[in-house]
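Down below is the structure, laid out as structure tokens.
Here, each number is a calculation from the coordinates, and none is a lab measurement. Predicted, not measured: the structure shown is a model, and the values here were computed from it. Glycine gets a Cβ as well: all are built from the backbone with ideal geometry, and neighbour counts include every protein chain shown.
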Amino acid sequence: MTRIPRRLAAKIRVVCGVGSVYQGGMLPKHSGGGVRLTGLALIALGCGGGGHAPAPALPVAAKNALLTPRDFSAIADRDDRARAIFVEASRVMLHPRCKNCHPAGDSPAQGDHGRPHDPPVARGPEDTGVPALECTSCHQDRNAELARVPGAPNWHLAPIAMAWEGKTPGALCAQLKDRERNGDKSLREIVEHAASDELVAWGWAPGHDREPAPGTQAAFAALVDAWVNEGAACPKDEVKR
Ligand code: HEC
Ligand code: HEC
């Protein structure tokens with residue numbers, strides 16, 4: 001067995017397991033040393049040799065693209081596969097186009113850095129604004145390009161139970177599966193919502209100079225569908241994307 005300096009071994013352990021499938025995939029962004037480390041972990045160590053399959057190296061999607069369910073087929077364990085697929089899907093859900101309308105407070109956010117909605121608006125009792133300042137008094141059924149106002153049918157805020165702002169993929173996943181917090185939807189209904197809801201669709205056609213969510217709505221829905229088909233396990237909470 002190859003001998004590994006203790007300093008390295010400690011780091012290599014981090015490359016095993018689910019979150020690390022991802023961190024492994026992201027290493028090339030950092031130092032060249034990181035890349036070598038991944039190779040070492042996979043080939044020489046087999047992830048600690050504890051009977052675990054080596055963490056396969058996943059391809060890394062471009063910032064504006066999504067991996068497909070097939071990209072995860074190298075992950076042998078079904079739950080691990082579901083977890084990794086969810087983390088990829090969460091790149092969409094935690095994107096500003098979605099997160100701005102799934103805020104943790106009373107006000108939607110705008111732009112790519114979560115600045116508070118200007119003018120100030122409140123969700124009101126039905127998440128549709130307050131009398132005289134309803135969301136739809138400004139937001140139409142479609143984007144109003146000249147006025148910069150984004151639009152889609154029935155524009156309103158996601159209920160507070162569906163707040164995604166500030167969530168890790170793990171917390172988001174648990175919440176999405178919880179019928180008390182997901183609008184009493186079955187997992188199948190979540191897939192359907194992802195595939196065909198018009199407010200979701202807006203995330204890829206946000207108008208003006210707004211950055212769309214990564215991939216396409218169909219590619220996102222395919223990931224959510226695959227996550228459900230693979231048993232819908234949730235990522236460990238420390239996984240961040
Ligand atoms: C007085 C008009 C007005 C009202 C009322 C209003 N909005 Fe807006 N909203 C805007 C304008 C204008 C923008 C675009 C700002 C920009 O991009 O410069 C915007 C942007 C947004 C965005 C940001 C999109 C993005 O990703 O950048 C969200 C989300 C949003 N509004 C949700 C809501 C919700 C939900 C309500 C009701 C609770 C609401 N708005 C009420 C005018 C309004
Ligand atoms: C204009 C506001 C708005 C935007 C933008 C928006 N959503 Fe939502 N979202 C809502 C509302 C309102 C609901 C509740 C609808 C319901 O229960 O039928 C919701 C519910 C959901 C749900 C159902 C389950 C749950 O627990 O949250 C999913 C999944 C979802 N949105 C995904 C997305 C994704 C993905 C995007 C971005 C591509 C997005 N949404 C963008 C307003 C928005």
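Below are the figures for this structure:
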read-out	value
Residues whose placed amide H lies under 5 Å from that of residue 149, excluding near-sequence neighbours	144
Farthest toward positive dipole pole in region 93-202 [+1 Lys/Arg, -1 Asp/Glu at C-beta], among 130, 174, 107	174
Debye-sum result for region 157-203 in log10 I(q)/I(0), which assumes one identical scatterer on each alpha carbon, at q = 0.17, 0.21, 0.28 Å⁻¹	-0.50, -0.77, -1.22
Dipole in debye (nearest 20) - region 73-126, about Cα centre, beta carbon charges: Lys, Arg +1; Asp, Glu -1	80 debye
Relative exposure of 188, 123, judged by other C-beta atoms within 10 Å (fewest first)	188, 123
Order of 81, 70, 181, 210 under a 10 Å beta carbon neighbour criterion, fewest first	70, 181, 210, 81
Of 61, 158, 94, farthest towards positive along the dipole that unit charges on Lys, Arg, Asp, Glu beta carbons give region 50-197	61
Region 87-200 - convex hull of the alpha-carbon atoms, volume per residue in Å³	108 Å³
Packing-based exposure ordering (other Cβ within 10 Å, fewest first) of 223, 199	199, 223
Normalised alpha carbon radius of gyration of region 174-241 [divisor 2.2 N^0.38 Å]	1.21
Label-point gap, in nm, between residue 141 and residue 64 - each point 7 angstrom along Cα→Cβ	2.9 nm
